[in-house]
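Worksheet for the structure shown next.
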Amino acid sequence: MALGLMLPGMVAGWIEEHTGYPLFFTWVCFCTLPGILAAWMVYKQIEPDYEKKQNHE
């Protein structure tokens, strides 16, 4: 189970060593934008009164 943390950590460490921390941090922040955009698009598809439509009997 730790392999899922070790491999990305090793790759990230290698990239950070070659780019420097400020550029690496900027790159990581930029890479989060597609996920944030996807979450926002899903959120926009939810109807405002979704919970009110469900009938809990």
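The values are calculated or read from the model by the stated rules, or taken from the named source; none is laboratory data. Quick caveat, the model's predicted, so the values are computed rather than measured. Virtual Cβ from ideal backbone geometry, glycine too; neighbours counted across all protein chains shown. Side chains included, ligands, DNA and RNA excluded: accessible areas come from the protein's heavy atoms. Shrake-Rupley method; radii C 1.70, N 1.55, O 1.52, S 1.80 Å.
Of [x] 15, 11, 11; [y] 39, 17, 6; [z] 26, 15, 7, which is the value of semi-axes √(5λ) of the Cα gyration tensor in Å derived from the coordinates here?
Correct label is [y].
What angle, in degrees between 0 and 90 and rounded to the nearest 10, separates the Cα long axis of helix 33-45 from the longest principal axis of the Cα atoms of the chain?
The two axes meet at around 0 degrees.
At a Förster distance of 35 Å, what's the computed FRET efficiency of Met6 paired with Ala39, Cβ-Cβ distance as r, to 0.05?
So, using R0 = 35 Å, E works out to roughly 0.80.
For the chain, take the longest principal axis of its alpha carbons; what is the angle in degrees between that and the long axis of helix 3-19, to the nearest 10 within 0 to 90?
The angle comes out near 60 degrees.
Just the number, please: carbon plus sulfur as a percent of the accessible area of the chain, 1.4 Å probe, no ligands or DNA/RNA counted.
Reported share for carbon and sulfur atoms: 71 percent.
At 222 nm, what value in deg cm²/dmol follows for the chain if DSSP H runs of at least 4 each add -39500 (n - 2.57) and the sum is divided by all its residues, to the nearest 500?
Helix-only estimate at 222 nm: -24000 deg cm²/dmol.
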